[in-house]
Amino acid sequence: MIQDALVKGFISRFGSPPARTFFSPGRVNLIGEYTDINGGYVLPAAIDLGTYYAVRSNDTRTVNIYSETLDDQKSIALDPSAEPAPEGSWQDYVVGLLYDFHKRGLDGGGLDIFVSSDLPQSSGLSSSASFTTGLAFLLNDCWDSGIERVQLAQAARRVENDFVGVHCGIMDPFAVALGKAGHCIYLHCQSLEYDLVPVNMEGYDIVIADTQVPRRLASSAYNDRRAECNAALEALRKHHDLDCLIEASGEDIEACAELKSMPLPYKRARHVVSENVRVEQSVAAIRGGDLARFGELMQASHASLRDDFEVSCPELDVLVDAAMRVPHVLGSRMTGAGFGGCTVSIVPTETVTDFIDSVGKAYSEATPYEARIFRTHPGDGVKRLDD
Ligand code: GLA
């Protein structure tokens, strides 16, 4: 159905049918928040919502790209000698990626691209990584560039870090590129070694609740957290030989007087190191079929993100508290960068409808917003749809 609408949309915009269609998922992080930028473990899954693309070569030297979501079209001249600068619009992701491909000598000529999405934007489900990684996959496929998925994820991250100027980690593009239906990805963010872990939900569902809160100060606060983690690492390095914060133990942190004299870096480090352990414990719990234990670890993760890392917000806390009041819910926590965005909960399948009703009601009573609550399933990474 979505594919039909995609093809129709392409035809009405560009006049004739597309040659290829693609889907690039969003992601939900099950546990392991802010560990990626500190060299640790994460446990995300690709989801069944995402970004759709229809594309055709246009025999010119221009990439024309239309976003249905934004109802906006950009036309970008392909010029391998150009040194573009960001302009502060969505076009930056496209220009940055073309620039990244050009720097590697990759250029297969002009394209017409129609983009549509069923992923809530700016809500912690990685709409930008979905868009950028999907576009990297599409360019690689249409231009026959022979780039592996891990490298496509790295290219998408470079665009966000070096061109757009968002200092995010590798988790999101990696989950978008490497996801597999029915699995989550146990990724070590420093080595990029990973395992696909089967998620056997046995009568439970993964439910996402979107606060629909406009994300306040999200990117500046994200960069502040990075700086505080780096300050913690510098203090610990005076006593330990560390490549990244995650290599410190809880004992190292408690034993470091200098770190303890810096309240924010101390709390940030405490979160990061404890969260990393929770990811390892969660993988063991999920592999062992112990979803109740995984739920406890989700609770501890949320408390640590709220109290030590301070990236939750009242609306996320309302959703988590309301979720945990629904009988037999195993766990609930904020997912992604925080400051708004979504929670993820493990809910018995037979009570999902009650969950949606009661959490939605509690949320609209306690806040000026309406929550958007839906179940999701671990899905495939970016893929071609017309094959
Ligand atoms: C955002 C970033 C990720 C990660 C999370 C927090 O989603 O893009 O790299 O740092 O926040 O875990």
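The values are calculated or read from the model by the stated rules, or taken from the named source; none is laboratory data. Here the structure is a predicted model, which means the values were calculated and not measured. Every residue, glycine among them, receives a Cβ derived from its backbone with ideal geometry; neighbour counts consider all protein chains shown. Side chains included, ligands, DNA and RNA excluded: accessible areas come from the protein's heavy atoms. Shrake-Rupley method; radii C 1.70, N 1.55, O 1.52, S 1.80 Å.
Quick rundown of the values:
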| item | result |
| --- | --- |
| Residue match in the range 200-208 (condition: of a type in the set (Ser, Thr, Tyr), within 15 Å of the ligand (Cβ to nearest atom) and either under 18 Å from the mean Cα position of the chain (by Cα) or in a strand (DSSP E or B) (or both)) | no |
| Residue in the range 65-88 that is touching an Asp or Glu at 6+ places or on another chain (Cβ under 6 Å), touching a residue at least 60 places away in the same chain (Cβ under 8 Å) and within 16 Å of the ligand (Cβ to nearest atom) present | no |
| Subset of the range 43-56 [among the hydroxyl-bearing types (Ser, Thr, Tyr) and in contact with a Leu (Cβ under 6 Å, 6 or more places away or on another chain)] | Tyr52, Tyr53 |
| Selection from the range 69-118 of residues that are in a strand (DSSP E or B) and in contact with a helix residue (DSSP H, G or I) (Cβ under 9 Å, 6 or more places away or on another chain) | Asp72, Gln73, Lys74, Ile76, Leu111, Asp112, Ile113, Phe114, Val115, Ser116, Ser117 |
| Single match in Lys267, Lys238 (criterion: open to solvent by 20 Å² or more (accessible area, probe 1.4 Å) and within 27 Å of Glu160 (Cβ to Cβ)) | Lys267 |
| Residue count for the range 77-109, restricted to those that are more than 26 Å from the chain's Cα centre (by Cα) and open to solvent by less than 20 Å² (accessible area, probe 1.4 Å) | 2 |
| Scope the range 17-32; condition open to solvent by 40 Å² or more (accessible area, probe 1.4 Å) and in contact with a Phe, Trp or Tyr (Cβ under 9 Å, 6 or more places away or on another chain); matching residues | Pro17, Arg20 |
| Check on Val277, within 26 Å of Asp195 (Cα to Cα), open to solvent by 60 Å² or more (accessible area, probe 1.4 Å) and among the aliphatic types (A, V, I, L, M) | yes |
| Filter result for Ser16 (free of Cβ contacts under 8 Å to residues at least 60 places away in the same chain, in contact with a strand residue (DSSP E or B) (Cβ under 9 Å, 6 or more places away or on another chain) and of a type in the set (S, T, N, Q)) | yes |
| Residues being touching a helix residue (DSSP H, G or I) at 6+ places or on another chain (Cβ under 9 Å), open to solvent by 50 Å² or more (accessible area, probe 1.4 Å) and either of a type in the set (D, E, K, R) or within 18 Å of Ser117 (Cβ to Cβ) (or both) - total across the range 57-68 | 1 |
| Every residue from the range 209-244 that is closer than 30 Å to Gly295 by Cβ and over 21 Å from the mean Cα position of the chain (by Cα) | Glu228, Ala232, Cys244 |
| Test: residue in the range 223-237 that is free of Cβ contacts under 8 Å to residues at least 12 places away in the same chain and of a type in the set (A, V, I, L, M) | yes |
| Which listed residue, of Phe294, Phe355, is in a helix (DSSP H, G or I) and over 27 Å from Pro173 (Cβ atoms) | Phe355 |
| Residue check for Ala371: touching a Phe, Trp or Tyr at 6+ places or on another chain (Cβ under 6 Å), modelled with pLDDT of 95 or more and open to solvent by less than 30 Å² (accessible area, probe 1.4 Å) | yes |
| Meets criteria (over 15 Å from Tyr34 (Cα atoms) and open to solvent by 10 Å² or more (accessible area, probe 1.4 Å)) for Thr343 | no |
| Neighbours by Cβ (under 7 Å, 6+ apart or cross-chain): first from the range 123-134, over 13 Å from Arg149 (Cα atoms) and open to solvent by less than 10 Å² (accessible area, probe 1.4 Å); second more than 10 Å from the ligand (Cβ to nearest atom) and modelled with pLDDT under 95 | Leu125/Leu119; Ser130/Leu119 |
| The range 2-54, subset farther than 30 Å from Leu245 by Cα and assigned to a loop (DSSP other than H, G, I, E, B), residue nearest to the ligand (Cβ to nearest atom) | Pro18 |
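So that you can scan it fast, the table gives a plain yes or no per residue for (1) part of a helix (DSSP H, G or I); (2) within 30 Å of Glu202 (Cβ to Cβ); (3) in contact with a Leu (Cβ under 7 Å, 6 or more places away or on another chain):
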{"site": "Glu258", "(1), (2), (3)": "yes, no, no"}
{"site": "Ser274", "(1), (2), (3)": "yes, yes, no"}
{"site": "Arg278", "(1), (2), (3)": "yes, yes, yes"}
{"site": "Gln299", "(1), (2), (3)": "yes, yes, no"}
{"site": "His302", "(1), (2), (3)": "yes, yes, no"}
{"site": "Leu305", "(1), (2), (3)": "yes, yes, no"}
{"site": "Glu310", "(1), (2), (3)": "no, no, no"}
{"site": "Glu315", "(1), (2), (3)": "yes, no, no"}
{"site": "Leu319", "(1), (2), (3)": "yes, yes, no"}
